[in-house]
Amino acid sequence: MTGLLRRAWLALSGRAAGRDRWVLAVGITVRLAAVVMLLCALPLIWHRLPYPGWSVLLVLALTAETAAVVTWWLWRGRITAGPLVLDVLTGVLALAVCPILNAPHAVVGWTGFPYPHTVLVSFTYGLAPRRLWPAVAGGAALAATSAAGSVAIDQVSLGHALLAVPGFLVNPTVGWLTARLMRRTSDQVESARTQAVAAAADLATARERNRHARALHDRVLQTMETLARGRTVAPEALRAQVVDQAAWLRHFVETGQASDDEDLPAGLAAATRAAVRAGVTVRLNDARLRLAAHPGVGDLPRERRDALVSAVHHTLTAIAGASGEVIVHAAPDRGGVLVTVLATGPAPPPSPDDVTELEQRLAPVGGRVVVEALPYVELWVPARPRGRAGAPP
């Protein structure tokens, strides 16, 4: 039986919105409980009803009104205030008619069955409105009718009649607070669920990326960096392309970003890593570049960035000896970016062909090359197009 009711509820409430689903469930449960209370009370008080036929008709009217309200809520998928206006009018009429049906010799108690029914139903008045006062106003209308009927028809004292008033005011208030709490909790649960799903998707993506990155590193990247370090690839243009692609692939493997546009520090880091080989240590100092707030430096255009990164890698390949340490320093300087490369171990200075190659890479973007015999190399590119930023002296 419980499973049947559960399936019926799920089928009927399929239209309900997420945050209002449980508010709707509470509202329907309270309304059905009020009807069940009527149907259970009627046989017990049947022998005490002075007009049982009319009382049955009143019970059927209240049941039909509840069925209409519940059907409307299920069709809309949420509790709306419109049917509650009709509900208040129906409750007022029921409370006004009940003392007449019980007069003149009715026993006070459950023979006034509309009272407990309407008190329980008034709880649902607070589930629909966003403000409290409409819910309390509906309960107050029922309270006034109940008190007036008790005094005028049942000849009950005013003090005794007022004892029935608090239930009509407290229940709508509790319903309003319950609906607010349930909607807020539903939003928090939905937000937590969304975050959990996003976190699970990110984790799955990261795991897949790491698996691909390991495969690329072991099968492709190491081979490309080996070819880029030596002279295995003879044509200079092809070797430069291998260097650039190896640097890009290294960046992709380590960060998962398919493009490192406008990220000069990442490009320089990839170029220095690609130049490392047995016996040679390459140290990169780019703290000033990362922390700099110089206009144009942080968004160095792609062609200048690529030219500078390629020149740095070519310089490292040219001056790094069989052992020792190479220090690379990058910083904003004179309207552009200056990279210095200093080899501290035994290494030959760049050859004339290497210097020509560096000049050919930087000249098209307005850059300059300074070479000393330490060996020491300065590479500079402007942050802005030529004519807007001065070159170093």
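The numbers here are math on the coordinates, done by the rules we state, and not lab data. Quantities reported herein were computed from a predicted structural model and do not represent experimental measurements. Every residue, glycine among them, receives a Cβ derived from its backbone with ideal geometry; neighbour counts consider all protein chains shown.
What to note about this one:
- Near Leu379: Cβ cut-off under 14 Å, other residues only, Lys/Arg at +1 and Asp/Glu at -1. The net charge is -3.
- Derived scalar couplings between HN and Hα for the stretch 62-79 equal 5, 5, 5, 5, 5, 4, 5, 5, 5, 4, 4, 4, 5, 5, 7, x, 6, 7 Hz in order, rounded to whole Hz, by the Karplus curve 6.51 cos²θ - 1.76 cosθ + 1.60 (θ = phi - 60°), x for Gly and Pro.
- Formal net charge of residues neighbouring Thr340 (Cβ-Cβ distance under 15 Å; K, R +1; D, E -1): -1
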